[in-house]
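Peer 1: Quick one: the structure is below, questions incoming.
The values are calculated or read from the model by the stated rules, or taken from the named source; none is laboratory data. Owing to the predicted nature of the structure, the values given are computational and were not obtained by experimental measurement. Cβ placement follows ideal geometry from the backbone for every residue including glycine, while neighbour counts extend to all protein chains displayed.
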Amino acid sequence: MKKDTKETRQHILDTGYKLIVSKGFSSVGLTEILQSAGVPKGSFYYYFKSKEQFGEEIISNYFREYLVALEDIFQLRGESAYKRLMEYWRRWIETQSDSCVDQKCLVVKLSAEVADLSEPMRIALLNGSSQVVQRIAQCIEAGIDDGSIVKSNAAVTADFLYNMWLGATLMSKLQRNADGLQQAMRITTSILTNNTVT
């Protein structure tokens, strides 16, 4: 595939992501995506068989980039695993603010919408989320090893924390404030250090 072809495909994906994370998958039509990207309809179908396959690729692309960013945080040198994990949650809160439209959590935005709408998109979301949870579990295990995180079943703890943060993010959208996310941070600290929530 030529470089400009790859760039065009990625440009369509990036444009579609911004629209979908802002409006939702069903609310964004193909015409709007093409107009925003500045590409003809034929170009879209050269890269994607359908809007559903396009949505599936947006999800896969999102998680590829997300996991790279996650690795950057989890490999911070000179920090305990606990501090690295807490930095991840701190950035989660930061990117869910109203000023960070392009970085909103695609999982929160699409999970309820596409779970019954598209099986391939549901599986793409599930697979991507599972990789994130697995990486969080590995960081928890590293924290148990270095003594910065209390002993627990890392996989179960990671699953619980990720689900809690997704729920807190959804509630923050409904309440239009970060109270739920701040509470999730306090509970996360309590779970990982065995300190009482205040």
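Peer 1: Restricting the first residue to the stretch 137-150 and requiring it to be outside any loop (DSSP other than H, G, I, E, B), which pairs with a second residue that is β-branched (Val, Ile, Thr) meet a Cβ separation below 8 Å and a spacing of at least six or different chains?
Peer 2: Correct list of pairs: 137/157; 140/149; 140/157; 143/149; 144/150.
Peer 1: Then there's this: Can you name the residue in the stretch 29-69 that is assigned to a loop (DSSP other than H, G, I, E, B) and surrounded by fewer than 19 Cβ atoms within 10 Å (Cβ to Cβ) and is also farthest from the chain's Cα centre (by Cα) among such residues? Full working, then the answer.
Peer 2: Here is the first cut: in the stretch 29-69, the ones assigned to a loop (DSSP other than H, G, I, E, B) are 29, 38-40, 48-50.
Adding the requirement that they be surrounded by fewer than 19 Cβ atoms within 10 Å (Cβ to Cβ) leaves 29, 38-40, 49-50.
Values: 29: 23, 38: 27, 39: 27, 40: 30, 49: 25, 50: 23 Å.
Restricting to residues being assigned to a loop (DSSP other than H, G, I, E, B) and surrounded by fewer than 19 Cβ atoms within 10 Å (Cβ to Cβ), the top hit is 40.
Peer 1: Could you please find all residues in the stretch 52-92 being touching a residue at least 24 places away in the same chain (Cβ under 8 Å) and of a type in the set (A, V, I, L, M)?
Peer 2: Residues satisfying the conditions are 58, 59, 67, 70, 81, 85, 86.
Peer 1: Confirm whether residue 171 is touching a helix residue (DSSP H, G or I) at 6+ places or on another chain (Cβ under 7 Å), surrounded by fewer than 18 Cβ atoms within 10 Å (Cβ to Cβ) and at pLDDT 95 or above. Walk me through how you get there before you give the answer.
Peer 2: Working: touching a helix residue (DSSP H, G or I) at 6+ places or on another chain (Cβ under 7 Å): yes; surrounded by fewer than 18 Cβ atoms within 10 Å (Cβ to Cβ): yes; at pLDDT 95 or above: no.
So residue 171 does not fit the description; no.
Peer 1: Quick check: anything in the stretch 75-85 under 15 Å from the mean Cα position of the chain (by Cα), surrounded by 15 or more Cβ atoms within 10 Å (Cβ to Cβ) and of a type in the set (Phe, Trp, Tyr)?
Peer 2: No - not one qualifying residue is present in the stretch 75-85.
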